[in-house]
Amino acid sequence: MTTPQERSVPKPVFTDAEAGAKTFPDSDSRRYNYFTPAKRKQSHYEDVTVEVQPDPRHYLSQGWLYGFSDGRGGYPLDWTVLKAWGSDRPEPERYPGSGGKGYDWPATGWHEFRDPNEEWELTFYRYNSNVVRQVNQNIDNARQSKAFEQWNQNWVKFVERNVGAWMHVDHGLGLYLYANANRRAPTNMHNNAISVNSMHRIRSAQDLALYNLTLTEEIPSFDGQAHLEAWNNDPQWQGVRETAEQLTATDDWCEAIFASNVIFEPLVGELFRSQLVQHAAPRNGDFVTPTIVGVAEYDFAERDLRYTRAMFELLTSDREFADHNKQIINGWLSTWTARSIAAARALQPIWSQPDSKPPRFEDGLDAVKSRFAALLSDLHLDVPKELGQ
Amino acid sequence: MSRQSVAKAHQKIQELSWEPQYHEPVSQYGTDYTFRKAQKKDPLKQVLRSYFPMQEEKDHRVYGAQDGAIRGNMFRQVQERWLEWQKLFLSIIPLPEISAARAMPLLFRTVPNPELHNGQAIQMIDEVRHSTIQQNLKRLYMNNYIDPAGFNNSLRNFQSDYCGTIGRQFAEGFITGDAITAASIYLTIVAETAFTNTLFVAMPAEAAANGDYLLPTVFHSVQSDESRHISNGYATLLMALSDESNHQLLERDLRYAWWNNHRVVDAAIGTFIEYGTKDRRKDRESYAEMWRRWIYDDYYRSYLVPLEKYGLVIPHDLIEEAWNQIWNKGYVHEVAQFFATGWLANYWRIDPMTDEDFEWFEYKYPGWYDKYGKWWENYNRLSTPNGHHPIVAENVDYVYPHRCWTCMVPCLVREDMTMAEVDGQWRTYCHKECQWTDETAFRPTYQGRETPNMGQLIGKREWETLYHGWNWADVVSDMGFVRDDGKTMTAQPHLDLDPKKMWTLDHLRRMPPVQSPNVLLNEWTPEQRDAFHADYIKQGPAGRPAPADD
Ligand SMILES: [Fe+2]
Ligand SMILES: [Fe+2]
Ligand SMILES: [Zn+2]
């Protein structure tokens, strides 16, 4: 790479090329006019996001130019079995003299999705930098106040194994589910939201790993490698691991996002983070771990779930394919609820590891189940019978 | 973090990756390359704990500069000639950026080294950063520059315009086809390592010389992420090289990627830098000089050639040929002339060249005036409507070119044009190398070897086909390149914003209809086609008809 070199610049000249200097056709047409905003006024987020990823149904008159070996290019709609209105209309035909016009905006319901978090470069780096500062500060404060000395030996074991094990969930899903899915969805709004989700998980994995490193340095008996042993061999963790691996094996991008953000995270992630770690830690003299885990919980509950809900609400209330979509999603709900509940139940023995016990496993599970049921009702979906398992 | 703790942090986060025990992650992209799982030295280099604040700090600088530019009335000293070309550039570039983000997962299953995947995920979000920061810069131009037309309709324009289509290769090439060909060789080894220098360093420098210091602020910030991306690519390339059986494919892909990048990037950026600038000081480097230094010396001599010792077959001939095109065959001048010929099919205004420009061109490219001077004088003469047609329909000694099926830039260096019947269709190519890309490289076998994962060239690759037989006024309104009075064109062949001097759809009605060169080519008899080819390769330079001597 060549590093930028300073180059001499000629003397500035007055050009008067400023907005408003003259009046002529278009002289005050100062908004992106190729899409319809979701609200009355188009947002900054929409301006930097919408239509960057083209669609041959809109303005892409010459179509996609490079294809896979099967001759398909771009972002095929059938990379998920869910449909948004207009999905079944064929791409506009092009031939000698056909012209280049496509369907009127938005052509399909897919383009109606907006990330309610309105994530783009500025918001994304601001948010995550704040998280980093907050996490670092909490750990530094704890180190300075010798907070880790108050941990009892069983709690040390609990954190090194169990909190440690969760970093692998975040890392594996962050890369192979979320980052992977950023190639799959038909609009830039979807794919950007998914890539932001991916980075939350990868950052969270690193937060846990580096916290683990600090604990190794601060607590003489803390085994910084125990998380590997737990993840690879503890029977309690194998259900979570198998489900996480199964999630990354999902081909359909909607299924992958739905299964992880609507089913697995609420039933397993929240159970582990909110119902177990957050409750058990303070009782065992640990006021630091909840701040680290709480950040991940906030990422999920306040941001990642928020966009996911908006994404699937559109699909389950789609004007053309709501029933089609709900029928398929119900199938996903059966399958992934069963898997997630099984993974959750396999974790149960770790509830009894700390000296001061957290609230009962069944109570925690009931709490996440009822949150999950409320989420499904927001999405106009029925609770699957597998939730009773 | 202290250096020691950074090293420890790197070490620690390597513990994050794990091998699946129960289910393999989904495998959605194929490659004909083979990679062996090997413990890779390359650690997970990016620790997000330092990455996020570093990027936020860069943002502060970018957004601070933007506020300052507006407060300081930067647009009172921006050259319109320059900013008009940004309507094209900034309509193209956010898609390649976001496509680079989308390309990263193509490498997850195909390069089975989890140590590399973390860096690829960070590149993914870097590219989201680049795409949105560029959309935002364009928005700022739209809001503050005198003529918002072309910015305000940017992403529709880009998608329906033939220049946009040429630029789109520099995005779609990253995300389809053989995963390694696309996301590693084309994107990282060639586009990022070689050509981001001209895109993100040379071009911003030219912007500054034209009174725009925001483009450099944004693009230097973008470029500062590139060295990490280049390392991602380098690590993958070394792994690919370690398996003999990949060498043949690497040779193929380097040839294709190098040549296509040259055709596309040099066409666009070369035109912006040479024809979009008002800086005609003799000591400022020409595009050719910049290319020699940054592409030839820094990339070719310093990066590619040392890889020869690992068995990489370097397309020395094509690097020399790209230089030959730029230096001896006037590639950039031919492209700029074509863009100006077809100004009416675009969405920005193209300023005529003046005597001062002529003098600079003659100084930098001796012999320039004899080739191109007359034509640009005609362009100037025909720039305001006065009872004549736009230049494309006037007799100015210019033969409208056929398009290259592969790179979609027209066949402008006429003597290089080749022609072949491929997939049941007669196609023209700008150069034998582009013919090879279509006929030989993008095929399911290569030199007798099965290459089932190689991509395909698809789409309606000749823009004129869509409008064969159409009136120009209908073409322009179909594409949407019309201002808010419903008739004044977005594009103009001059910078005068006096409505009386601006072209409208009414001026186009009287023109002869658009004819698709490729449709005609396929209608001809074999004899007609041969005669056409024989004539075509005698045309030029500067699009002149073949001499009438035989
Ligand atoms: Fe980039
Ligand atoms: Fe990049
Ligand atoms: Zn070509």
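Residue-by-condition table, conditions (1) touching a strand residue (DSSP E or B) at 6+ places or on another chain (Cβ under 8 Å); (2) basic (K, R); (3) open to solvent by less than 40 Å² (accessible area, probe 1.4 Å); (4) farther than 30 Å from B:L241 by Cα:
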site: B:W259; (1), (2), (3), (4): no, no, yes, no
site: B:R301; (1), (2), (3), (4): no, yes, no, no
site: B:V332; (1), (2), (3), (4): no, no, yes, yes
site: B:T341; (1), (2), (3), (4): no, no, yes, yes
site: B:F358; (1), (2), (3), (4): no, no, yes, yes
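Per this entry, B:E115 is not counted among residues that are surrounded by fewer than 22 Cβ atoms within 10 Å (Cβ to Cβ), free of Cβ contacts under 8 Å to residues at least 40 places away in the same chain, away from ligand 1 (no atom under 16 Å from the Cβ) and acidic (D, E). Can you pull out the residues in the range B:126-153 that are free of Cβ contacts under 8 Å to residues at least 40 places away in the same chain and within 16 Å of ligand 2 (Cβ to nearest atom)? Within the range B:126-153, B:E127, B:V128, B:S131, B:T132 qualify.
The residues listed here are B:H468, B:H507; of these, the one that is within 8 Å of chain A (Cβ to nearest Cβ) and farther than 18 Å from B:N157 by Cα is B:H468. Just one of the numbered conditions (1) in contact (Cβ under 8 Å) with a residue 60 or more places away in the chain; (2) among the hydroxyl-bearing types (S, T, Y); (3) open to solvent by less than 10 Å² (accessible area, probe 1.4 Å); (4) out of contact with any Leu (no Cβ under 7 Å at 6 or more places or on another chain) is not true of A:S221: (3). Being within 16 Å of ligand 1 (Cβ to nearest atom) and open to solvent by 10 Å² or more (accessible area, probe 1.4 Å): is that true of B:I189 here? No. Of all residues in the range B:499-550, those satisfying the criterion of being among the polar types (S, T, N, Q), open to solvent by less than 70 Å² (accessible area, probe 1.4 Å) and in contact (Cβ under 8 Å) with a residue 12 or more places away in the chain are B:T504, B:S516, B:N518, B:N522, B:Q539.
Residue under question is A:T36, and the condition is that it be of a type in the set (S, T, N, Q), outside any loop (DSSP other than H, G, I, E, B) and at negative phi; does it hold? Criteria not met by A:T36. Just a yes or no: is a residue in the range B:373-392 within 14 Å of chain A (Cβ to nearest Cβ), surrounded by fewer than 20 Cβ atoms within 10 Å (Cβ to Cβ) and either among the charged types (D, E, K, R) or within 16 Å of ligand 1 (Cβ to nearest atom) (or both)? There is no residue in the range B:373-392 that is within 14 Å of chain A (Cβ to nearest Cβ), surrounded by fewer than 20 Cβ atoms within 10 Å (Cβ to Cβ) and either among the charged types (D, E, K, R) or within 16 Å of ligand 1 (Cβ to nearest atom) (or both). I'd like the residue in the range B:370-419 that is without any contact (Cβ under 8 Å) to a residue 12 or more places away in the chain and not acidic (D, E) and, out of all such residues, is farthest from ligand 2 (Cβ to nearest atom). Filtering the range B:370-419 for residues that are without any contact (Cβ under 8 Å) to a residue 12 or more places away in the chain and not acidic (D, E), the one farthest from ligand 2 (Cβ to nearest atom) comes out as B:G387. Determine whether the range A:318-332 contains at least one residue that is out of contact with any His (no Cβ under 8 Å at 6 or more places or on another chain), open to solvent by less than 10 Å² (accessible area, probe 1.4 Å) and part of a loop (DSSP other than H, G, I, E, B). No, the range A:318-332 contains no residue that is out of contact with any His (no Cβ under 8 Å at 6 or more places or on another chain), open to solvent by less than 10 Å² (accessible area, probe 1.4 Å) and part of a loop (DSSP other than H, G, I, E, B). Name the single residue, out of those in the range B:471-498 being in contact with a strand residue (DSSP E or B) (Cβ under 8 Å, 6 or more places away or on another chain) and facing chain A (nearest Cβ under 7 Å), that is surrounded by the most Cβ atoms within 10 Å (Cβ to Cβ). That would be B:R483. Note on the range B:71-82: residues that are surrounded by 16 or more Cβ atoms within 10 Å (Cβ to Cβ) and either more than 7 Å from chain A (Cβ to nearest Cβ) or assigned to a helix (DSSP H, G or I) (or both) total 6.
When each of B:N143, B:N153 is tested for being open to solvent by 10 Å² or more (accessible area, probe 1.4 Å) and either within 16 Å of ligand 3 (Cβ to nearest atom) or under 25 Å from B:H220 (Cα atoms) (or both), the lone residue that passes is B:N143. Filter the range B:403-425 down to the residues that are more than 8 Å from ligand 3 (Cβ to nearest atom) and within 14 Å of another protein chain (Cβ to nearest Cβ), then identify the one that is most open to solvent (accessible area, probe 1.4 Å). For the range B:403-425, the residue satisfying everything is B:D423.
The values are calculated or read from the model by the stated rules, or taken from the named source; none is laboratory data. Only a predicted model underlies this, so the values are computations on that prediction, with no experimental measurement involved. Don't worry about glycine lacking a Cβ; one is built from the backbone with ideal geometry, like all the others, and counts go over all protein chains shown. Heavy atoms of the whole protein, side chains included, go into the accessibility calculation; ligands, DNA and RNA do not. Shrake-Rupley method; radii C 1.70, N 1.55, O 1.52, S 1.80 Å.
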